[in-house]
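Report on the structure given below.
Where a number appears in this text, it was derived from the coordinates with a stated rule and is not lab data. Remember, predicted model here, so these are calculated numbers, not experimental data. Here the Cβ positions follow ideal geometry from the backbone for every residue, glycine too, while neighbour counts run over all protein chains shown.
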Amino acid sequence: KILDSSVAMGLTAEQGAKLFGTLMKTAGLTADQAENLAEGTYQLAVANNVNPAAAMEQLAESSELFATYSKEGGKNIAQAAVQATKLGISLSSLSQISDSLLDFQTSLNSEIETGIILGRNINLQKARELALVDDMTGMMDAVLEQLGGQAEWNELLGYQRKALASALGTDVATMAKLV
């Protein structure tokens, strides 16, 4: 059954076994629940014009993240996997950003410093609130609102880009993908 589902989702047998193993062991899902979550993730990826196999691989490679942040049977992580794939980053990058935002003192200081360096107000409060309730997708939407668009990113100097990346606990390459 796992092999059939894996092949249908564009995964190798090894990737499928790893995915289902993660879903069943880490989230405590039954085989049927794991299959439903995997198929739902696949369909969500298709609906968002995201490579479904890449989103599924994100899930399969994220057992620690799944164990830490999953709720509602892992639906939030499945949605985050699709969003991460769409943004061209990994779920571990999302986790890193979330962890950085939840280091409140450092995050608030970085936010203020980055605002000064950029010469504009940066407000990551909503992103922090969403990270606190494990809403990874909402958190990234809130972060993306603060980043601005490609044109703004292109106008930033190197030290400004580094400051913005540092405020989110990530690197400049990941920030460039997000923008």
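Tabulated data
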{"read-out": "Principal semi-axes in Å for region 19-62 [√(5λ), Cα gyration tensor, largest first]", "value": "19, 11, 6"}
{"read-out": "Low-density loop positions, GluC sites (Glu not before Pro), region 41-138 - DSSP coil, at most 10 other Cβ in 10 Å", "value": "none"}
{"read-out": "Contact order normalised by residue count of region 1-142, Cα under 8 Å, 6+ apart, percent", "value": "19"}
{"read-out": "Structure-derived Cα Rg over 2.2 N^0.38 Å - corresponding label in (i) 1.10; (ii) 1.04; (iii) 0.96", "value": "(i)"}
{"read-out": "Straight-distance crosslink candidates among aspartates and glutamates, where the alpha carbon sits under 15 Å from Lys126 and sequence neighbours closer than 8 are dropped", "value": "Asp99, Asp103, Glu111, Asp134, Asp135, Asp141, Glu145"}
{"read-out": "10 Å Cβ shell holding at most 11 others, DSSP loop, trypsin sites (Lys or Arg not before Pro): longest site-free stretch of the chain", "value": "2-119"}
{"read-out": "Radius of gyration and maximum dimension Dmax of region 36-132, Cα, Å", "value": "15.3, 47"}
{"read-out": "Relative contact order of region 124-179, defined on C-alpha pairs under 8 angstrom at six or more residues apart (%)", "value": "28"}
